Amino acid sequence: MTGGDFISVERIYKTYDSGLAALKGVSLTVRRGETLVIVGPSGSGKSTLLRCLCGLEEIDAGAVVIDGQVVSGDARLRDKMRPELGLVFQSFNLFPHLTVMENITLAPVRVRRVKAAEAEKAAGRLLEKVGLADKAGARPAQLSGGQQQRVAIARALAMNPRVMLFDEVTSALDPEMIGEVLAVMKDLAAEGLTMVVVTHEMGFAREVGEAVVFMDGGEVVERAAPAARFFDQPATDRARQFLEKIF
Amino acid sequence: MKKQKNPYKLTALPAWAATLALLAWLVYDGAVKSGYSWEWSRIPAFFFDADKGELGPLTLGLGLTFQITFWSLLITFGLGLFIALARLAGGTVLSALARIYLEVIRNTPLLVQILVMYSVVGEIFSLSRFWAAVLAVSFFEAAYLSEIIRSGILAVGEGQWQAAWCLGLSTPDTFRRVILPQTGPMLLPPLCSLVISLIKDSALVSVIGVYELTKAARSLIAKTYLALELWLTIAVVYLLINLAVSELGAFLERRLGASGRAGRFL
Ligand SMILES: Nc1ncnc2c1ncn2[C@@H]1O[C@H](COP(=O)(O)OP(=O)(O)OP(=O)(O)O)[C@@H](O)[C@H]1O
Ligand SMILES: [Mg+2]
């Protein structure tokens, strides 16, 4: 069945310069078309893991394998793979000096060498998909948090990445805006996009997650599929304690 | 957009007038008390000699000051940006060299740098006085500009780099399309001060006999003894040029702010 794995993380270690060991031998796999949800307490290493996946952080040991190729430690391969992983951040990180349209088309034009007109057409379709067709000319500062996050998702999608990584994308949003962003993500999951979703939205995790990974203290404590099984019958004490604190 | 009056100008005008009047009176009174006889009527001919129908030495000197400023600005921007990027390439030989350059330039007097550029470097590479002057001023200002640019680049948040990285943008594209456009508007006020410093500092190249405005005034004083008139005149010329630069800077800042482009970074 390993032929179905798109991402395979093999015993990776990451210690920050500060001496803090954020990942201590983490292993997991993400299958093609799967929505994998990662949950765990604050500081458990979830963001660090996503950053190691897309090469924002170098790992100290272990291997990150994407589409059958070991990308960790191979700068050229990692650069080639970078556009194939779309990361959406908690803090949106839109380019404030560019319009919504420019935010979305910049990378396809510069990296994928798509013609500007084509890129704009595609961006228009993506904006429609995330419900912001009328905001193409706006600047990020003129949008609400939920709108900005939907633009950020559209921007990542515009590269046609083979996997989307979401790092607590609703944590910085006002409650009334969380739903609109989660709705977009649900659509993507339903379309069969491969997704890794770090979230504190347990309802969403349960509904959309085809598998759940529970992390604590820089380790994977538990993996369960489907997600509902984890929430109903956690296999470990640590997971049980974590879930009790939340619900 | 409706036209907006700039309140700064309205209140500043009387203040300027009062300050200048006070200064003028102080100079005049001091001169009278020390028995100095004013000969202001001879000054206009130093700008334009109507009898001969040719430009006077002050105008020619001013022209040279502008030329030095123009070339120095060009080189300063190129070099300053390069040094800033070199400094940011942490831990490399390039960044160490940039650091040494910075320390040498900032911790020695510009006057000495100009003399070294002229009599040592200029000698080796047979530079003309003019280019020795331009290079000395450029190297000096570039050190300061690089620090301005570097702090501007560092002020752009980590998240912008990360977003660009994850989209697959190359490092040059990240700088050109993402980081520098956000840095630019932020840098306008310090850049404006830098241009003003550059124009003022260009007066120092008179020591190697480049006939710019200050040198022209000095030669005229040696010939005519109109020291007070000439010094005051060129002071006013520098003042007017630099006020114009400030106004231009303020105008650009308003334009960039009004267009909404990175307006909130100003
Ligand atoms: N750049 C960094 N330098 C040093 N330590 C870091 C850095 N980033 C994260 N850490 C530390 O590494 C540990 C794991 O952090 P990480 O951000 O991966 O956790 P997380 O699971 O995403 O937490 P949260 O739910 O709060 O986002 C934390 O203790 C954090 O303080
Ligand atoms: Mg996190």
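Bear in mind that the values in this text are calculations on the coordinates, not laboratory data. Note that the coordinates shown come from a computational prediction; the quantities given were computed from them, not determined experimentally. Reconstructed Cβ throughout: ideal geometry from the backbone, glycine too, with neighbour counts over all protein chains shown.
With helices defined as uninterrupted DSSP H runs, which ones in chain A have an alpha carbon span along their own long axis of at least 15 Å and mean Kyte-Doolittle hydropathy of at least -0.5?
A:100-110, A:116-129, A:145-157, A:175-190
Let me know the charge dipole size of the range A:28-97 about its Cα centre in debye, to the nearest 20, where only the beta-carbon of Lys, Arg (+1) and Asp, Glu (-1) is charged.
Values: 8 positive and 8 negative charges, 31 e Å.
Charge dipole, the range A:28-97, about its Cα centre: 140 debye, nearest 20.
Could you pull out every whole DSSP H run in chain B that spans at least 24 Å of Cα extent along its own axis and averages 1.0 or higher on the Kyte-Doolittle scale? Mind dumping the intermediate values first?
Working: long enough: B:7-33 (40 Å, 0.86); B:57-88 (45 Å, 1.58); B:129-155 (39 Å, 1.17); B:180-201 (29 Å, 0.93); B:227-258 (46 Å, 1.25).
Passing helices, by number: B:57-88, B:129-155, B:227-258.
Just to verify a number: FRET efficiency for B:Val207 and B:Trp231, C-beta to C-beta distance, R0 = 22 Å, to 0.05? It comes out at approximately 0.85. Between A:Ala133 and A:Arg113, residue separation times 0.36 nm minus the direct Cα-Cα distance comes to 4.8 nm. With a cut-off of 13 Å between beta carbons, the residues surrounding B:Ile179 carry a summed charge of +1, where Lys and Arg count +1 and Asp and Glu -1. Over chain A, the ratio between the Cα radius of gyration and 2.2 N^0.38 Å evaluates to 1.00. What net charge is computed for the residues neighbouring B:Ile153, neighbours being all others with C-beta under 13 Å from the C-beta of B:Ile153, Lys and Arg scored +1, Asp and Glu -1? In short, +1. Pairs A:Lys14/A:Lys135; A:Lys80/A:Lys129; A:Lys46/A:Lys115; A:Lys135/A:Lys245; A:Lys24/A:Lys129; A:Lys80/A:Lys115: which exceed 31 Å Cα-Cα? From the list (A:Lys14/A:Lys135; A:Lys80/A:Lys129; A:Lys46/A:Lys115; A:Lys135/A:Lys245; A:Lys24/A:Lys129; A:Lys80/A:Lys115), the Cα-Cα distance tops 31 Å for A:Lys14/A:Lys135; A:Lys46/A:Lys115; A:Lys135/A:Lys245; A:Lys24/A:Lys129.
Each principal axis of the Cα atoms in the range A:3-71 has its own extent, and those three values, largest first, are 37, 25, 18 angstrom. For the range A:91-185, the equivalent ellipsoid derived from the alpha-carbon gyration tensor has semi-axes of 21, 14, 12 Å in decreasing order. Based on alpha carbons, the Rg and Dmax found for the range B:42-144 are 18.0, 64 Å.
What is the fewest-to-most order of A:Val70, A:Val151, B:Val120, B:Val178 by other Cβ atoms lying within 10 Å of their Cβ? Before the final figure, lay out the partial values.
Details: A:Val70 14, A:Val151 27, B:Val120 11, B:Val178 22.
Lowest count first: B:Val120, A:Val70, B:Val178, A:Val151.
Once backbone amide H atoms are built at 1.01 Å from N, A:Glu222 has A:Phe214 as its partners under 5 Å, excluding neighbours fewer than 5 places away on the same chain.
Under a Cβ-only charge scheme (Lys and Arg +1, Asp and Glu -1), can you give me the dipole magnitude of chain B about the Cα centre, in debye to the nearest 20? Working shown, then result.
Working: 22 positive and 16 negative charges, 163 e Å.
So the dipole magnitude of chain B works out to roughly 780 debye.
The residue among B:Gly35, B:Val207, B:Ile153 whose Cα reaches farthest toward the positive pole of the charge dipole of chain B, with charges on the beta-carbon of Lys, Arg, Asp and Glu, is B:Ile153. Entry for the protein assembly as shown at q = 0.09, 0.11 Å⁻¹: log10 I(q)/I(0) = -0.79, -0.99, Debye formula applied to identical alpha-carbon scatterers, no solvent contribution. Along the axis of the charge dipole computed for the protein assembly as shown (Cβ charges of +1 for Lys and Arg, -1 for Asp and Glu, origin at the Cα centre), the listed residues B:Ala18, A:Leu85, B:Ala84 are led at the positive end by B:Ala18. Rounded to the nearest 0.05, the FRET efficiency derived from the C-beta distance between B:Phe251 and B:Ser37 at R0 = 56 Å is 0.85. The percentage of C-alpha pairs in chain B whose separation is greater than 35 Å is 33%.
Neighbour counts of other Cβ atoms within 10 Å put A:Asp216, A:Asp232 in the fewest-to-most order A:Asp232, A:Asp216.
222 nm [θ] for chain B, helices only, -39500 (n - 2.57) per DSSP H run of 4+, per residue, to 500? Please list the in-between numbers first.
Numbers: 10 runs with 187 residues, N = 266.
Only helices count here, giving -24000 deg cm²/dmol.
Each stretch of four or more DSSP H residues adds -39500 (n - 2.57); spread over every residue of chain A, this sum gives -11000 deg cm²/dmol at 222 nm.
Footprinting exposure proxy ranking of A:Arg113, A:Arg51, fewest other C-beta atoms within 10 angstrom first, gives A:Arg113, A:Arg51.
Give, rounded to the nearest 20 debye, the magnitude of the charge dipole that the protein assembly as shown has about its Cα centre when Lys and Arg contribute +1 at Cβ and Asp and Glu contribute -1 at Cβ.
On the way: 52 positive and 48 negative charges, 187 e Å.
Value, rounded to 20: 900 debye.
In this rough spin-label picture, where each label sits 7 Å from Cα along the Cβ direction, the A:Asp74-B:Ile100 distance is 3.9 nm. Under 5 Å between amide hydrogens, built in the peptide plane, is the criterion, and for A:Thr194 it picks out A:Gly33, A:Met164 among residues at least 5 positions away or on other chains.
Remark on A:Ile38: its backbone amide H falls under 5 Å from those of A:Val197, A:Val198, A:Thr199, A:Val213, a criterion applied only to residues 5 or more positions apart or on other chains, H modelled at 1.01 Å from N.
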